[in-house]
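Remarks on the structure that follows.
The values are calculated or read from the model by the stated rules, or taken from the named source; none is laboratory data. A quick note: this is a predicted structure, and the numbers were derived from the prediction, not measured. Positions of Cβ are backbone-derived with ideal geometry, glycine not excepted, and every protein chain shown enters the neighbour counts.
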């Protein structure tokens with residue numbers, strides 16, 4: 001399969017990126033701003049966001065710019081406040097990058113009572129996307145790029161124990177949340193097509209990229225042997241966050257990208273390389289499972305496809 005080399009379509013576009021101050025989000029923000037986009041940085045930590053903005057600002061072009069609004073994906077209230085702030089300052093959006101996430105943390109719950117990995121990685125982005133739908137609809141050819149992981153292939157959606165109240169493992173919950181990201185992305189595109197909306201939902205994964213997500217401190221209950229292996233892998237095996245961001249950026253840059261596409265690296269095992277089209281797991285391609293998860297997500301967040309509470 002040949003590597004894709006798309007022309008950029010982002011000059012003059014306005015794009016929201018979650019987790020934009022670090023790792024893949026920072027790499028995406030820097031690249032898009034360099035190409036003339038306005039990036040709305042959606043970050044939990046304002047001090048880190050401001051530091052990231054200071055690092056990116058020298059790279060801005062005449063039309064490129066960055067703004068920051070606080071967002072905690074583990075809080076439905078924070079998501080509502082973020083969308084209100086964006087809506088007060090922007091009439092439309094051209095893109096949304098559902099990027100931020102947590103990985104392999106001990107079981108805990110968000111302020112809304114969701115298992116924290118599912119609540120942050122999936123339900124938070126589900127709620128954010130639903131609330132931003134009016135602004136995305138107001139744009140022309142808006143794109144929603146949702147970041148998943150190779151871990152989605154190991155994921156299982158347990159609708160009877162979605163929040164891990166009966167059985168919980170850190171990595172099982174993470175894989176479930178990453179499968180949920182991909183199921184959401186594909187189902188969002190199906191719903192946009194049925195509603196004849198000019199919105200494309202695209203998924204991407206970064207392969208194995210060196211980010212702060214994999215570190216002993218990333219597991220809040222203390223380091224695990226897998227976390228230490230991750231640090232070693234970051235040093236010896238992983239590609240840079242800049243390269244890992246390329247499949248995500250491809251979803252925004254490429255004229256050839258279409259709703260329902262899924263991009264990842266072209267190297268062995270999809271661990272590293274340049275962006276190519278790849279294939280979701282069998283579970284991720286199950287439209288019935290996607291619809292059931294969507295319906296459950298609507299009930300849990302109190303939000304519908306119309307962006308209404």
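Summary of computed values
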quantity	calculated
Selection count where residues are touching a strand residue (DSSP E or B) at 6+ places or on another chain (Cβ under 9 Å) and either surrounded by 21 or more Cβ atoms within 10 Å (Cβ to Cβ) or touching a residue at least 40 places away in the same chain (Cβ under 8 Å) (or both), scope segment 279-307	2
Sole exception among (1) under 15 Å from the mean Cα position of the chain (by Cα); (2) on the phi > 0 side of the Ramachandran plot for residue 164, by number	(1)
Residue tally, condition buried (at least 19 other Cβ atoms within 10 Å of the Cβ) and within 16 Å of residue 283 (Cβ to Cβ), over segment 156-174	4
Of all residues making up segment 6-43, the number that are part of a strand (DSSP E or B), under 16 Å from the mean Cα position of the chain (by Cα) and within 18 Å of residue 139 (Cα to Cα)	5
Residue 114 vs. criteria surrounded by fewer than 23 Cβ atoms within 10 Å (Cβ to Cβ), touching a residue at least 12 places away in the same chain (Cβ under 8 Å) and more than 25 Å from residue 170 (Cα to Cα)	no
Matching residues, segment 258-270, being crowded, with 18+ Cβ neighbours inside 10 Å and modelled with pLDDT under 95	264, 265, 266, 270
Residue that is surrounded by the fewest Cβ atoms within 10 Å (Cβ to Cβ) [pool: residues in segment 244-257 that are assigned to a loop (DSSP other than H, G, I, E, B) and touching a strand residue (DSSP E or B) at 6+ places or on another chain (Cβ under 9 Å)]	254
Hits in segment 49-85 (condition: part of a strand (DSSP E or B) and more than 24 Å from residue 127 (Cβ to Cβ))	65
From 177, 149, residue being surrounded by 19 or more Cβ atoms within 10 Å (Cβ to Cβ), at pLDDT below 95 and in contact with a helix residue (DSSP H, G or I) (Cβ under 6 Å, 6 or more places away or on another chain)	149
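A quick yes/no check of all residues on (1) at pLDDT below 95; (2) out of contact with any helix residue (DSSP H, G or I) (no Cβ under 9 Å at 6 or more places or on another chain); (3) exposed (fewer than 15 other Cβ atoms within 10 Å of the Cβ); (4) farther than 28 Å from residue 177 by Cβ:
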| position | (1), (2), (3), (4) |
| --- | --- |
| 4 | yes, no, no, no |
| 18 | no, no, no, no |
| 26 | no, no, no, no |
| 44 | no, no, no, no |
| 49 | no, yes, no, no |
| 72 | no, no, no, no |
| 83 | no, no, no, no |
| 94 | no, no, no, no |
| 102 | no, no, no, no |
